[in-house]
1. When you scan segment 45-146 for helices (runs of 4 or more DSSP H) that lie fully inside it, which ones turn up with 3 or more residues that are in contact (Cβ under 8 Å) with a residue 40 or more places away in the chain and hydroxyl-bearing (Ser, Thr, Tyr)?
2. Filter segment 263-300 down to the residues that are among the β-branched types (Val, Ile, Thr) and out of contact with any strand residue (DSSP E or B) (no Cβ under 6 Å at 6 or more places or on another chain), then identify the one that is surrounded by the fewest Cβ atoms within 10 Å (Cβ to Cβ).
3. Kindly check whether there is at least one residue in segment 35-50 that is among the β-branched types (Val, Ile, Thr), farther than 26 Å from ARG289 by Cβ and touching a Lys or Arg at 6+ places or on another chain (Cβ under 6 Å).
4. Any chance you could count how many residues in segment 2-29 are assigned to a loop (DSSP other than H, G, I, E, B) and among the polar types (S, T, N, Q)?
5. Name every residue in segment 252-300 that is closer than 23 Å to LEU89 by Cβ, charged (D, E, K, R) and at pLDDT 95 or above, in order of residue number.
6. Please determine, by comparing only the residues of segment 1-34 that are small (Gly, Ala, Ser) and in contact (Cβ under 8 Å) with a residue 24 or more places away in the chain, which one is farthest from LEU291 (Cα to Cα).
7. Which residues, taken from segment 30-44, are in a helix (DSSP H, G or I) and of a type outside the set (Asp, Glu)?
8. Which numbered condition trips up THR285, out of (1) in a loop (DSSP other than H, G, I, E, B); (2) among the polar types (S, T, N, Q); (3) touching a helix residue (DSSP H, G or I) at 6+ places or on another chain (Cβ under 8 Å)?
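The values are calculated or read from the model by the stated rules, or taken from the named source; none is laboratory data. All values reported here derive from a predicted model rather than from experimental measurement. Here the Cβ positions follow ideal geometry from the backbone for every residue, glycine too, while neighbour counts run over all protein chains shown.
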Amino acid sequence: MLLIITLSGDPAVDLVVDKVSIPIFRLNVDRFRDYEFTLRPKDWEIVGPGSHRISSDTGTRCWWWKPLITRSSEDPLIMGEVRASVEELYSWFARRHWLVGNSPLFERRIGKLYQAEVAADFFETPTSVVLWGQRPNALLTTDRRWVAKSQAMEMTADGRGLFVTEVDVQSLDAVGPWFLQPLVESPTDVTVQVAGDDLFAFQRSRSGNLTPDWRFDFFVGEATWESVSLSRSEVGQVLDFCKALGVNWGRLDFLRVDGRLIFLELNPNGQWGFLDPADDSGLVTGVARFLSESTTHGRH
């Protein structure tokens, strides 16, 4: 049985649950009071609505899918205890090498700069640099245009996030930290969802982008994607990159410039449902097949 650790109303999980070919149990962490949860050193059991249950006798694989609670009416101490219990349960599956997908700690082990180092063997990759304690314009050429990105995707104290943003390196302060790359001008975004050996590629025009980051346009309802075929050599490059990194799941973001793919990053647990919500290109079916049949692992 597949345990999905997630939140109620997650659109990606809503899309895929009816297509998974093995029994599943959905643990919505934000609705933890709907469950009877028992975790002991050697065994565990969860009973959900309708007396649906999963236990250490029946659980055989686990998918951690964005059970991040940003706002809750519950006391933070209570939610901290719930989170710790669920993480302990996830570790139970990890010790048995029964995980599918990527751990929430993936980028502590394989961050964006290491991704770029590995990707350079397979794709064109922009230079990346992280700086603090010095003025960026002392090290970076000012005859190029630069963008600032976020490594951690944390929010500021007043709830703002950093999308990919073009910056004037001469105006950046020395406090930092700054994660910087040269601006790559491209007419097309390409994103590839990896689900085992299956690749699902989509593209969108960057014409009229409000910022260099398509996610900003997505949040204001302007990002539309269409299915696209990769060349045989591009398929090989993507699969070889994933093999070198030791992953079989995630969403790879690229720019296409003069027919070439320029690697940006691997989003290990990036949203994918918005790319093909009607399953016209088989993405939802492919993800369901991956969750049901893929080789499991223990990388926590």
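1. Result: 76-95.
2. Kept after step one, since they are among the β-branched types (Val, Ile, Thr), are these residues of segment 263-300: 284-285, 287, 295-296.
Keeping just the survivors that are out of contact with any strand residue (DSSP E or B) (no Cβ under 6 Å at 6 or more places or on another chain) gives 284-285, 295.
Values: VAL284: 22, THR285: 15, THR295: 9.
Filtering first and then ranking leaves THR295.
3. Of the residues in segment 35-50, the ones among the β-branched types (Val, Ile, Thr) are 38, 46-47.
Next, only the ones that are farther than 26 Å from ARG289 by Cβ stay: 38, 47.
Now restrict to residues that are touching a Lys or Arg at 6+ places or on another chain (Cβ under 6 Å): 47.
Among the residues of segment 35-50, at least one is among the β-branched types (Val, Ile, Thr), farther than 26 Å from ARG289 by Cβ and touching a Lys or Arg at 6+ places or on another chain (Cβ under 6 Å), which makes the answer yes.
4. From segment 2-29, those assigned to a loop (DSSP other than H, G, I, E, B) are 7-10, 20-23; that's our starting set.
If we keep only those that are among the polar types (S, T, N, Q) too, we end up with 8, 21.
Count: 2.
5. GLU293
6. Of segment 1-34, the ones small (Gly, Ala, Ser) are 8-9, 12, 21.
Still in the list and also in contact (Cβ under 8 Å) with a residue 24 or more places away in the chain: 12, 21.
Working: ALA12: 13, SER21: 9 Å.
Per the criteria, the residue is ALA12.
7. Here is the first cut: in segment 30-44, the residues in a helix (DSSP H, G or I) are 30-34.
Matches in segment 30-44: ARG31, PHE32, ARG33.
8. The number of the failed condition is (1).
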